[in-house]
Amino acid sequence: MPDRINRPHEDTASSLTIAGQTIEPGQELLIDLNFARLPSRTEIVIPISVSRALKPGPILLLMAGLHGDEINGIEIVRRIRDQGFHRPAKGTVICIPLLNIFGFVHFSRTVPDGKDVNRSFPGSKNGSLASRVAYVLMKEIIPLIDYGIDFHTGGASRANIPQVRCNFENPLSKELALAFDAPYTLHSKLIKGSLRHAADKKGKSIIIYEGGESLRLNERAIQAGINGTRRLMKHVGMLRTHPKSVNKSIVIHKRKWIRARHAGLFHSLIKLGAIVKKGENIGFITDPIGDFQMYVKSPEHAHVIGLNNNPVINQGDALLHLGIITK
């Protein structure tokens, strides 16, 4: 793990204000942030937990549910609170277990207007619903934090092996990712419209944790997320103890999605986390009638870091995500 970078921290001797409510050092508060209404006029609120130590230190955001159907992250933040790890020895922890309330209740990645909140940052006060959700987060929370962890899973039926994504070109983000020490650490450039991109423009470092697939609780992914968060918090001085890693994180600099050249039924011959050789058969595609069978070969020597669990595929659908092994 690299030496810690010298950087200023938020002085927790001062008050912290969120949605008009003040949280003093040593105080813990649950805040309901009102940001929208349903067509029925029912108010939609985002639950926010804020826990502050008496000692000054960094402000860390732990957030999940940016995509409403990605529930592993919601469970990670819930267990962190349930087990008391959100109470730091110094500094402040802001927990948002579920940001996209709309998507959560509709088993959906998006909000009712069909837009992806994580492509709507920095948002707009008078924009679409997704844009308004992004705007509230950027106005009320992001200016306060030093670092953040944004918890995700694979989209649709695509499962991700537990992994952290960050921009290796940002030394602080890379340091935080290596401190998290997930089974895999991936270089991931900033995407315009994403939370990471908008936060980076504000000088805030947010890393992404991915594990499991949407609408499925995955115990391995959940526990890896909790343990990694604790290691990161220990690294920045917010916790006194942390769980040791079983294996050192595998660092991936280049990635590639393998997409279906034919529509049909995909039969995978490998499992998530496998290492495949260049030219190896990693699966095959058949049609329902049985007229053809086409093998899918790996174009690289790589780790399988993502796998589509839905066998019914169209041309161009993602089948596998490979983390390329480089010399």
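Overall shape: oblate for the range 133-179, with the ratio a/c of the largest to smallest alpha carbon gyration tensor axis at 1.5 or above and b/c at least equal to a/b. The simple spin-label model puts a point 7 Å past each Cα toward its Cβ; for Ser14 and Glu169 those points are separated by 3.2 nm. Rolling a 1.4 Å probe across all protein chains gives Thr17 an accessible area of roughly 70 Å².
As a test of reading the structure, rank Asp32, Asp317 by solvent-accessible area (1.4 Å probe, protein chains only), most first.
Numbers: Asp32 95, Asp317 50 Å².
If we order Asp32, Asp317 from most to least accessible, we get Asp32, Asp317.
A cut-off under 10 angstrom between Cβ atoms defines the neighbours of Leu54, and their net charge, with Lys, Arg +1 and Asp, Glu -1, is +2. Under a Gaussian network description of the chain, with springs only between Cα atoms under 10 Å, the residue in Arg220, Arg230, Arg196 that fluctuates furthest is Arg220. Structural descriptor for the range 14-148: relative contact order 22 percent, calculated from alpha carbon pairs under 8 angstrom and at least 6 residues apart. Extension gain, Gln315 to Leu29: 0.36 nm times the residue separation minus the Cα-Cα distance gives 98.0 nm. Among Gly65, Gly91, Gly193, the residue with the largest mean-square fluctuation in a Gaussian network model of the chain, with springs joining Cα atoms closer than 10 Å, is Gly193.
According to a simple spin-label model (label point 7 Å from Cα along Cα-to-Cβ), what is the distance in nm between Ser157 and Trp257? Simple spin-label model gives 1.6 nm for this pair. Annotated for the range 223-282: lysine pairs at least 8 residues apart or interchain, Cα distance under 23 Å, count 11.
Could you give the length gained by full extension between Ile324 and Lys192, i.e. 0.36 nm per residue of separation minus their alpha carbon distance, to one decimal place?
Working: separation 132, 0.36 × 132 = 47.52 nm, distance 2.44 nm.
Difference between extended and current length: 45.1 nm.
On full extension, the segment bounded by Thr22 and Asn126 gains 34.8 nm, given 0.36 nm per residue less the C-alpha separation.
Provide the FRET efficiency to the nearest 0.05 for the Val45-Leu215 pair, computing r from the beta carbons and using R0 = 30 Å. Kindly include the intermediate steps, with their values, before the conclusion.
Numbers: r = 23 Å, r/R0 = 0.77.
Efficiency, rounded to the nearest 0.05: 0.85.
Mind running the shape call on the range 162-250? Use the C-alpha gyration tensor, a ≥ b ≥ c as the square roots of the eigenvalues: rounded below 1.5 for a/c, prolate if a/b tops b/c, oblate otherwise. Verdict is oblate for the range 162-250. The GNM of the chain, with springs linking C-alpha atoms under 10 angstrom apart, assigns the highest mean-square fluctuation among Val133, Val251, Val105 to Val105. What a 1.4 Å probe finds exposed on the chain is 51% carbon and sulfur by accessible area, rounded to a whole percent. Among the listed values (i) 15.7; (ii) 17.8; (iii) 16.8, the one computed from these coordinates for mean projected area of the Cα convex hull in nm² is (ii).
Looking at the chain, the DSSP beta bridges with both ends there are about 65 percent antiparallel.
The sum of -39500 (n - 2.57) across all DSSP H runs of n ≥ 4, divided by the residue count of the chain, sets its helix-only mean residue ellipticity at 222 nm to -5500 deg cm²/dmol.
The values are calculated or read from the model by the stated rules, or taken from the named source; none is laboratory data. All values derive from a computational prediction rather than experimental measurement. FYI the Cβ positions are ideal-geometry reconstructions off the backbone, even for glycines, and counts take in every protein chain you see. SASA here: full protein model, heavy atoms, side chains in, ligands and nucleic acids out. Shrake-Rupley method; radii C 1.70, N 1.55, O 1.52, S 1.80 Å.
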